[in-house]
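Novice: Quick one: structure below, then a few questions.
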Amino acid sequence: MPLWWWPPAFGLAALIATEVNMGVRSLPDWLPFAMLFAIATGTLLWLGRAEVRVTDGAGEGAVELWVGQAHLPVAVVARSAEVPASAKSAALGRQLDPAAFVMHRAWVGPMVLVVLDDADDPTPYWLLSTRYPDRVLSALRS
């Protein structure tokens with residue numbers, strides 16, 4: 001999530017809160033500001049929450065790839081590669097398999113392609129937005 005999104009979000013919240021204050025005189029002046037600033041903060045944090053990380057499994061020693069709430073054992077990863085920002089539109093457009101798992105963030109340039117080798121899973125690959133594809137790829141390959 002870019003830092004420059006925060007001032008416009010708070011500006012929009014302040015504008016709407018001012019409009020509410022002008023329209024509803026019975027409310028305390030601070031209430032629309034507090035509510036809308038909390039909503040703006042929650043929305044921005046929610047938009048930035050999806051992260052890509054590679055962690056040890058829960059006590060079993062299995063390494064897992066986590067993307068937001070979704071997780072995948074690294075043992076089923078056949079291969080992985082970086083998708084540069086210049087090739088992102090093709091990867092998300094005409095080359096996209098409808099059965100693929102996609103976590104796309106428009107404000108993040110590069111992506112990582114993780115091809116799966118699991119006969120029980122109909123998902124052919126995961127396509128993930130990440131700011132640090134080299135770190136994710138090195139963690140997957142180690």
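Novice: Can you match percent of Cα pairs over 26 Å apart to one of these, [x] 46; [y] 14; [z] 42, based on a calculation from the structure here?
Specialist: After the calculation, the listed value that fits is [z].
Novice: With the crude spin-label approximation of a point 7 Å out along Cα→Cβ, what separation in nm comes out for L3 versus T18?
Specialist: 2.6
Novice: S26 to D121: extension gain in nm, 0.36 nm per residue of separation minus the Cα-Cα distance?
Specialist: 28.5 nm
Novice: For the chain, report the accessible area per residue in Å² (1.4 Å probe, heavy atoms, rounded to an integer).
Specialist: Here the per-residue accessible area is 62 Å².
Novice: With the contact rule set at Cα under 8 Å and sequence spacing of 6 or more, what percent relative contact order holds for the chain?
Specialist: Answer for the chain is 19 percent.
Novice: Turning to a different aspect of this structure: ³J(HN,Hα) across the range 104-113 via Karplus (A = 6.51, B = -1.76, C = 1.60, θ = phi - 60°), whole Hz, x for Gly/Pro?
Specialist: Per-residue couplings from phi come out as 10, 10, 5, 7, 9, x, x, 9, 10, 9 Hz.
Novice: Could you give the angle, 0 to 90 degrees to the nearest 10, between helix 6-23's Cα long axis and the longest principal axis of the Cα atoms of the chain?
Specialist: 30
Novice: Rounded to a whole number, what % of the accessible area of the chain do carbon and sulfur atoms account for, probe 1.4 Å?
Specialist: 61
Novice: While we're looking at this one, here's another question. Compute a Gaussian network model of the chain, connecting alpha carbons closer than 10 Å, and tell me which residue from D117, D97, D29 fluctuates the most.
Specialist: The residue with the greatest mean-square fluctuation here is D29.
The values are calculated or read from the model by the stated rules, or taken from the named source; none is laboratory data. Here the structure is a predicted model, which means the values were calculated and not measured. Don't worry about glycine lacking a Cβ; one is built from the backbone with ideal geometry, like all the others, and counts go over all protein chains shown. Accessible surface areas use protein heavy atoms only, side chains included; no ligands, DNA or RNA. Shrake-Rupley method; radii C 1.70, N 1.55, O 1.52, S 1.80 Å.
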